[in-house]
1. Over all pairs of distinct alpha carbons, what does the Kirkwood formula give as the hydrodynamic radius of the stretch 353-406, in Å?
2. Need one number: the % of Cα-Cα pairs in the stretch 102-154 sitting beyond the 15 Å mark.
3. Please sort 80-93, 42-55 by packing, taking for each peptide the average over its residues of neighbouring beta carbons within 10 angstrom, highest first.
4. If Lys and Arg each add +1 and Asp and Glu each add -1, what is the summed charge of the other residues whose beta carbon sits under 11 Å from the beta carbon of E111?
5. Report, by chain and number, residues whose modeled amide H sits under 5 Å from the one on L354, excluding near sequence neighbours (fewer than 5 apart, same chain).
6. Return an integer: the convex hull volume of the alpha-carbon atoms of the stretch 89-179, in Å³ per residue.
7. Using the Cα atoms of the chain to build a convex hull, what is its mean projected area in square nanometres?
8. Enumerate the amide H contacts of R233 below 5 Å, restricted to partners 5 or more residues apart or on another chain; note that Pro and chain-start residues carry no placed amide H.
Amino acid sequence: MFRKILIANRGEIAVRVMRACREMDIRTVAVFSDVDRKSLHVRYADEAYPIGPAPSTESYLRIDRVLEAARRSGAEAIHPGYGFLAENPDFARACEDAGIAFIGPPVSSMELMGSKTASRRAVIEAGLPVVPGADRNLESFEDVQRIAAEIGYPVMLKASAGGGGKGLRMVRAESELESAWRTARSEAQNAFNDSAVYLEKYIEHPRHVEIQILGDRHGHLIHLGERECSLQRRHQKVLEECPSPAVNDDLRRRMGETAVRIGTLAGYANAGTVEFLLDPQGHFYFLEMNTRLQVEHPVTELVTGIDLVKEQVRIAFGEKLTWRQEDVRMRGAAIECRIYAEDAANNFFPSPGLIARLQAPAGPGIRRDSGVYEGWQVPLEYDPLLSKLAVWATNRAEALARMRRALGEYEIQGIRTNIPFFRRVLEHQDFMAGRLDTGFIDRVLAAGLMEEEPPSEAEERVALLGALLHVERTGSAQPAATAARDWWKQAGRRALLRRRPERSGGRS
Ligand code: MV4
């Protein structure tokens, strides 16, 4: 087995990969930018190398500096995590050229799946389901007009270079087509330096369901079931679960077999994810394939009991898969919340800063993948993901109750987080019933999910009393300094106030 692995990433995913390495008795090498000197992944690693200034283009995206750290440390393999260089075929090639194993798929699979139109064409040629639409880039508006009429409205314009909702335009009628085409093209040009767009039939109220696949370099590919990822905000997932409330054994088998065939046609090895849209009638369509370990992989691990990172390492070393399809069993239900440093009550505005206090949930069925610690400063240069809180229970209802309990135990002070948002989502009737689709988050936010309840009369009286006592004791109308606050006592008081049942007069 490898003796030493470099992790070309930061935050929670770097720590996650290192944990697998430690259990496998593999030494770990961290890389870090100037602002990450004190980060958790640097402290966790056996050794660490600086790779440049804070902007990721000067550090975590610098292939030359990452490879130089690998060479100096004597690492035999590199795990890229997700994001940064994870889906960059040039990086994978540069690793292999340097005689370092890239813990990921073959370069050719990454290249095929990196193009939305090329991967779509390959899936169509194999006779597998894709959303009806064009199988090539559309150069002229006349082409767009003709194909849109053939497909039938509503249609979706998509950037061929794809991703993140950029260059994505839904068009309800022909009268909107020309201006939508122009905006989609210029957005695609700005985001990807490639203005190519193509067309698909617009699927109404779809779910985003993805299949985890795992393949070795000896031609064996299996799937590990699905993840329900419909809860997204601005094309960013916020909560994922396994299994999907919309998938039964038969659908799982059909989607799984389709995913394995897509992996096979791509010559895939290592861990990958095939994304599908699932329409309300239960038809599924290939969307794209992600050639990396995904953020939400823990829910699959909790339900299958398979450690995806360890499998990735063994596969990259050349070992055969230890799991046959018929050995993969899904047991119970898992949910994950992505805990971000952002103010959910203020349009999810980023909230970096000092983590003044951190009290993590614990107890039965809880898994927390964190990249932070109390006393650490969340930098503003990167994605503000603090941790992923995942729970497992014997069924979905118990998993929801367990997640509510875990969120209630989670105390993060000094910065704002989206925990209050999750508390409300987990109490939403439609979410609890499993009635969700990709429009859910926008709908519930528009319906006032995060609106503050005005304080009750009782709360106002308590506040007034507190203010009076403060003036009396200090002789000052200035508020006490925030630094002197006892957060535990405060939290306790808030919780008590919240629980007061005597809310009088017509508020819900
Ligand atoms: C769609 C679609 C409906 N019909 N394609 C958005 C990002 C990209 N990954 C694919 N996306 C969509 N493609 C057709 N033909 C709806 C979406 C979509 C979506 C998909 C997954 C998760 C969240 C979403 C939110 C809005 C729209």
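1. When all Cα pairs of the stretch 353-406 are included, the Kirkwood radius is 12.6 Å.
2. 58
3. Descending packing order for the listed peptides: 80-93, 42-55.
4. -1
5. V378
6. Value for the stretch 89-179: 122 Å³ per residue.
7. Average of the hull's projected areas for the chain equals 26.7 nm².
8. HN-HN under 5 Å from R233: V238.
Every number in this text was worked out from the coordinates using simple rules, so none of it is lab data. Predicted, not measured: the structure shown is a model, and the values here were computed from it. A quick note on method: Cβ atoms are made from the backbone with ideal geometry, for glycine too, and the neighbour counts reach across all protein chains shown.
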